[in-house]
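A quick write-up on the structure given underneath.
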Amino acid sequence: MTTIVTMPGDGIGKTVLPEAVKVLKASGFKADYVHADIGWDFWCKEGNALPQRTIDLLEKHKIGLFGAITSKPKDAAAKELEPSLRDKGFVYFSPIVGLRQLFNLDLCIRPCKSFKGNPLNFIRRSGNGFEEPMVDTVIFRQNTEGLYAGVEWTNPPKQVRDALETHPKMKAFKEVPGEDLAVSTRIMSRNACRRIIREAFEYAKKFGYSNVTVCEKPNVLRETSGMMLKEAKLIAREYPGIQLWDTNIDAQMMWLTKNPEIYGVIVAENMFGDIISDGFAGLIGGLGFACSANIGENVSIFEPTHGSAPKYQELNPSIVNPIAMILSACMMLDHLGENTRADKIRTAIAKVVEDGKVKTYDMMKLKGGPDVFAKGACTTQEMTDEIIKNL
């Protein structure tokens, strides 16, 4: 039997992950679930948000279902450590980013697909009226390199600064004192570019998408974005039935609300992929509908893209939308070859959304708070129950 490592994490992750497990069980999916520690509590108490015991469980079982994480800037994180751990050299680093790099989860896949009848779907003016384009776009985000690789310094050491100053563009910063200089690098490798691009084309081929778009900024980031686009042009020759488009990230964010329905698969570096996937998520209902997969050759982890939203954690009953978490569990089922079961759950979600009788507060465009129930919003658990009823 498959064993799933469940990592609720922080905030609402502790609320929505059990709801996804409830739906998986109701669908007839048989698995063992083993809890793993991750998140802010373990940073504060142990100086490590990603304990080795959690890494060991993922190494053993290979499949993880993850809730949400709280991350804070370096100084704020240091202040929340247990007093006995302060000034001991502990440095906070996002555990989900750490997992991506540790297990080389280099493929991040983020489907953004409209549900018919969702009141949060994007609409645009058309002539004298309005139209609602159905979005079906899948973002392939390179997950381990780029600006999120973590190679950065404030007050870079002498050898780093000396190396940087061999570049003529560093002349503009020559007189800046080290303590006033912060450097973040954008590192991309050719093999990683090739892998994410090829996987994007294979996905487009398998599911019938007519185009793959490289969303970068090669006119300014000539080396890194330039490498991604160059490799895409070479790989595209192997897929004559699929068009290769390329867009700049800034222009793409503008076109997002002009013609989102024309884009099939989009591939981008880590940060640009993060940006564009959140942009498309906004067109299909927001982060309450945004699911994702982190795929490596040996380990894979599935998570909603929303944050931990700690302001909602203590609300009882809970108001948050569990659909993104449940859709992430569907992606896990797909990965395990349980496609029919995954489609059954997605169909049930679609029925609930189109029927419109049960809506979470975000689907009603309400400001989050305990008063939303008086205005007709359902609880987190009521949304889960309605989905299960429609399985």
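FYI, it's all coordinate maths here, none of it is from the lab. The structure presented is a predicted model; accordingly, all values stated were derived computationally and were not measured. No Cβ is skipped: glycine too gets one built from the backbone with ideal geometry, and neighbour counts run over all protein chains shown.
The spacing between region 1-21 and region 259-338, judged by their C-alpha centroids, is 14 Å. Listed options for percent of Cα pairs over 41 Å apart are (i) 19; (ii) 16; (iii) 37. The value calculated from this structure is the one marked (ii).
Rounded to the nearest 20, the size of the Cβ-charge dipole of the chain about its Cα centre is 600 debye, with Lys and Arg at +1 and Asp and Glu at -1.
Where in region 6-49 does the amide nitrogen come within less than 14 Å of the point 7 Å from the Cα of Lys344, taken along Cα to Cβ? Zone members listed by number: 23-31.
Note on the chain: GNM, Cα springs under 10 Å; of Val176, Val352, Val372, the largest mean-square fluctuation is that of Val176. Taking the chain as a Gaussian network of alpha-carbon nodes connected by springs under 10 Å, the highest mean-square fluctuation of the residues Arg195, Arg100, Arg110 belongs to Arg195.
So what's the net charge close to Arg346: Lys and Arg +1, Asp and Glu -1, counting the other residues with Cβ under 13 Å from its Cβ?
After counting each charged neighbour, the total is 0.
I'd like the FRET efficiency for Asp371 and Glu297, computed as 1/(1 + (r/R0)^6) with the beta carbon distance as r and R0 of 41 Å, rounded to 0.05. Approximately 0.30, to the nearest 0.05. The fewest-to-most ranking of Met7, Met1, Met253 by surrounding Cβ atoms within 10 Å reads Met1, Met253, Met7. FRET efficiency for the Met253 to Lys113 pair, using the beta carbon distance and R₀ = 22 Å, is estimated at 0.70.
With unit charges on the beta carbon (Lys/Arg positive, Asp/Glu negative), name the residue among Thr384, Met363, Ile349 whose Cα is farthest towards the positive pole of the charge dipole of region 298-391. Checked the options; the winner is Met363. Here's the picture: charge each Lys and Arg Cβ at +1 and each Asp and Glu Cβ at -1 in region 74-227, and of Ser210, Ser189, Phe90 the one pushed furthest to the positive end of that dipole is Ser210.
Charge tally around Thr144: other residues with Cβ under 9 Å, Lys/Arg +1 each, Asp/Glu -1 each, net -1. In the chain, helices alone account for a calculated mean residue ellipticity at 222 nm of -11000 deg cm²/dmol, with every DSSP H run of four or more residues adding -39,500 (n - 2.57).
Counting charges near Leu234 (Lys, Arg +1; Asp, Glu -1) among other residues having Cβ under 11 Å from its Cβ returns a value of +4. Between Lys206 and Thr154, residue separation times 0.36 nm minus the direct Cα-Cα distance comes to 14.2 nm.
Between the alpha-carbon centres of region 358-391 and region 96-170 there is a gap of 29 Å. Most mobile of Asn48, Asn316, Asn155 per a Gaussian network model of the chain (Cα springs, under 10 Å)? Among Asn48, Asn316, Asn155, the largest mean-square fluctuation in the Gaussian network model of the chain belongs to Asn155.
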